[in-house]
1. Taking only Cα atoms, what is the 0 to 90° angle, nearest 10, from helix 278-293's long axis to the longest principal axis of the chain?
2. For region 376-428 and region 1-76, compute the distance between their C-alpha centroids and round to whole Å.
3. For the pairs Lys19/Lys64; Lys275/Lys322; Lys323/Lys352; Lys275/Lys323; Lys326/Lys352; Lys34/Lys215, flag any whose C-alpha to C-alpha distance is greater than 23 Å.
4. Could you pull the Rg and Dmax for the chain, using just the Cα atoms, both in Å?
5. Using 0.36 nm times the number of residues separating Asp22 and Leu100, minus their current alpha carbon distance, what extension gain do you get?
6. Below 8 Å between Cα atoms, with a sequence gap of 6+, how large is the relative contact order for the chain in percent?
7. Using Cα atoms only, what is the angle between the long axis of helix 181-191 and the major principal axis of the chain, expressed in degrees (0 to 90) to the nearest 10?
8. Which distance in nm do the two modelled labels at Asn31 and Glu207 give, with both placed 7 Å along the Cα-to-Cβ direction?
Amino acid sequence: MKGLCKTECGMTVEYESHKFSDGFVYYLPRNLDKTIHHCMIIEMEMEMWGHPDPNIEKIYRENKDRLNITQEKFIEILDNLQYDPYSFLGDEEADVMSKLRKGKMYELKKYFENQLNRLTSPSFQSRFPANGNQNETIEMINSPETTSTVSTRSGWNVTSQTIEGLCSLILPVLPTGNGYQLEFLGYLYEIMIRLEDAKKCFELQYECTGEPELKEHVEELNKKIQERKDVQVVEENIPDDLTPEDMQKRIEFTELNIKKYIIELFSNNFTELFKKNPTVKEQCEKNRRKREDMMLNFNENSAIDTVSLGSLAYILRIARGKKRSKSKDICKVCKRSWNEKEDIFSESTPKKINCVDETCFTKQGGLVKKTPMELIHNIQSINATRNILAHPGDYDQEMFKRILKQTYATCDVINYRIEGFLKNKEST
Ligand SMILES: [Zn+2]
Ligand SMILES: [Zn+2]
């Protein structure tokens, strides 16, 4: 679709349509030579935010080929915009967090659709650096909106009026932090779990402005998309009439796989883990003694062979080395600092090591064995089913059946992930 640029820069552009799975169509403006139309008016407008008095005549002369209007018209458009910089796009940035908090996803999507229907401008940055609002944390203490906090027994309460104020301070984290239109659209699609749509937005933005963060984000989305596909395949292949005995077997098989995974992850050396977590060591030894007392025959290949499913999940969780920091602090070695409630690497026995940086933490002797939280949650979930299987009479038949089906799928996902991990290990 060909037409004049909507900013009245005078250039003819080709609007290339990109259709999304919910029916929305994004029109990417291209110059007639197929390059992206980075509109001179928008660029000039952004320039003027940071720089109120540019030499417009000079800029006009230098960029004449990007405009198809007279200098007078150019100045006139810019003058009009000065008092209403958003006139092309409608209102100011929507208060995203406030809308999300109230579940107004539909209104939020419509807001951005409206803006894009008025004008698509791939280089327009709503978070212009001069506005100082990229992805950074905000000094809330100094903000007048948050001062009317009330102390209660459970801590600090923010009154409802001020929550709105707080929401306006919280910005969605976007890959570049510049607040491009397509970044907002991609952000919305991502929380709507329309990952393919989200990916399309960030790919288009990458073509337009080329920031490496956009490409990295596309790669992250690719991983998520693949994971979802894997789970879907698993769910489609669950047998219909599962018995508790099938389930028991499936869980046992999965448990063996989890142990294989942990042994591989630790190269079957748990000395360091035990030294840092004496209670885990005690647990392992207690389990072993119990088995010995019961005179069960087992071939012990590893210190974790007798450990329960619940403890396996626990081991994986603590071995990640991650904790939420209790206070603002700074690393004694690398001097990097972190805030209260930020995720950091941390351990306290036999000595205290804290750092936000993984490399620095491990250099100081910290233990990090990475496992995705999703895998740990899944292990906890099949452990819960095992407890349910011990008391099936407590559950409604329909509910029980559903639990079996879900757990079967969870086991398959765990096994699938672990097989992938072990294969990867072999090939490297
Ligand atoms: Zn234009
Ligand atoms: Zn450090």
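What follows is calculated from the coordinates using simple rules that are stated; it is not laboratory data. This is a predicted model, so every value here is computed, not measured. Glycine also receives a Cβ, built like all others from the backbone with ideal geometry; neighbour counts cover every protein chain displayed.
1. 40
2. Rounded to whole Å, the Cα centres lie 55 Å apart.
3. Values: Lys19/Lys64 33 Å; Lys275/Lys322 18 Å; Lys323/Lys352 13 Å; Lys275/Lys323 19 Å; Lys326/Lys352 14 Å; Lys34/Lys215 21 Å.
Beyond 23 Å: Lys19/Lys64.
4. 28.4, 96
5. Details: separation 78, 0.36 × 78 = 28.08 nm, distance 1.91 nm.
Net length gain for the segment: 26.2 nm.
6. On the way: 472 pairs, mean separation 43.9, N = 428.
Here the relative contact order equals 10 percent.
7. 30
8. That separation, rounded to one decimal, is 1.7 nm.
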